[in-house]
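Just so it is clear, none of the values below were taken in a lab; they were calculated from the coordinates. Since the model is a prediction, treat every value here as computed from it, not as a measurement. Neighbour counts are summed over all protein chains in view; Cβ atoms, including those assigned to glycine, are modelled from backbone coordinates with ideal geometry.
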Amino acid sequence: DAGKAALKARIRDLLTAQKAVLVAHYYTDEDLQSLAEETGGKVADSLEMARFGTETDAETLVVCGVRFMGETAKILNPEKRVLMPDLAATCSLDEGCPADAFSAFCDAHPDHSVVVYANTSAEVKARADWVVTSSIALPVVEHLAAQGRKILWAPDKHLGHYIERMTGAEMLLWNGACVVHEEFKSFALERVRRLHPNAAVLVHPESPDEVVDQADVVGSTSQLIRAVTELPNPEFIVATDAGIFWKMRQLAPHKILIPAPTAGEGATCESCAHCPWMAMNALQNLETVLKTGDQEIQIDPAIRERALIPIRRMLDFAR
Ligand code: CIZ
Ligand code: SF4
């Protein structure tokens, strides 16, 4: 509509005036994803978001996603201004892993390599040997296990258990979970699969074991998007945040995409599996932050320097 088009046009002008570039996660609103692409920014998973931030020569990075993504951008690019539409956009994994309790857990197990998921605060990353995202967690843990290392993993217990099952590594798991992926229901998924026998089942490994066990493809957001374009199936049942459907439809418009059921009797609705913190990013507060600059990521320099080490290790490993 006209109001939205005018708002988007104002944001474009502000981006240009501020020498700013927009990077949006696959789980954000499709208005933000399309605007990022139309203005020379990027739509990505958290690993690609981190990489993109280091490659652009924009002076300001506007990160549409959740807070740890903005923090990672700032850790990697201290000379750049990093803004987010709303700094209060957190993540249940980050919230469930406070730095002091985590640090005590590490102290109690000094013989373990500390591997943390990217969905953590800068303080928690500063305590880690490795940072990983879901697209690279398996090969990193395989690499460590091959050297005979025992692993302390935080915070997602479902992803940690999946990696443990796949690699056979000896892993101590922090007890955290994603509020979105934990809600996918295995019995209801079995029913949906029976209704769609030609569908491939795509599952993000933050989901419970019984859901992961029904998957044809288990993978990160980018890996699930690739599966929709590469597999021959006409239909896909997708167990991850509904924000991902925008990119899947863009790349594979003829495929039928079915949201995996969350709570209840085989209910399939696109709005139920959606991260409440990703949903805090919108065109309106994006415009506001470009005008005011008030939602800027700040990180203590000592924490930043320490957290940079395991993040760099991940990016170097991924190359
Ligand atoms: O659930 C998330 O926050 C994900 C999938 C982040 C990522 O790695 O892109
Ligand atoms: Fe965190 Fe889950 Fe939201 Fe991702 S979808 S930001 S893991 S709460």
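Data overview
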read-out	value
Of all DSSP beta bridges in the chain, antiparallel share, percent nearest 5	5 percent
Cα centroid separation, the range 45-114 to the range 208-231 (Å)	24 Å
Fewest-first sequence of 167, 72 by Cβ atoms within 10 Å of each Cβ	167, 72
Residue-averaged [θ]222 nm for the chain, counting only DSSP H segments that reach four residues, each worth -39500 (n - 2.57)	-13000 deg cm²/dmol
Cα gyration tensor category, rounded, prolate or oblate, for the range 163-281 with a/c compared to 1.5	rounded
Equivalent ellipsoid semi-axes - Cα gyration tensor, the range 1-143, angstrom	32, 14, 14
Two-decimal ratio, the range 215-262, of alpha-carbon radius of gyration to 2.2 N^0.38 Å	0.99
Over the chain: Rg over Rh, Cα atoms, Kirkwood Rh	0.97
Cleavage-rule hits, GluC sites (Glu not before Pro), the range 44-86, DSSP coil, Cβ neighbours within 10 Å at most 10	79
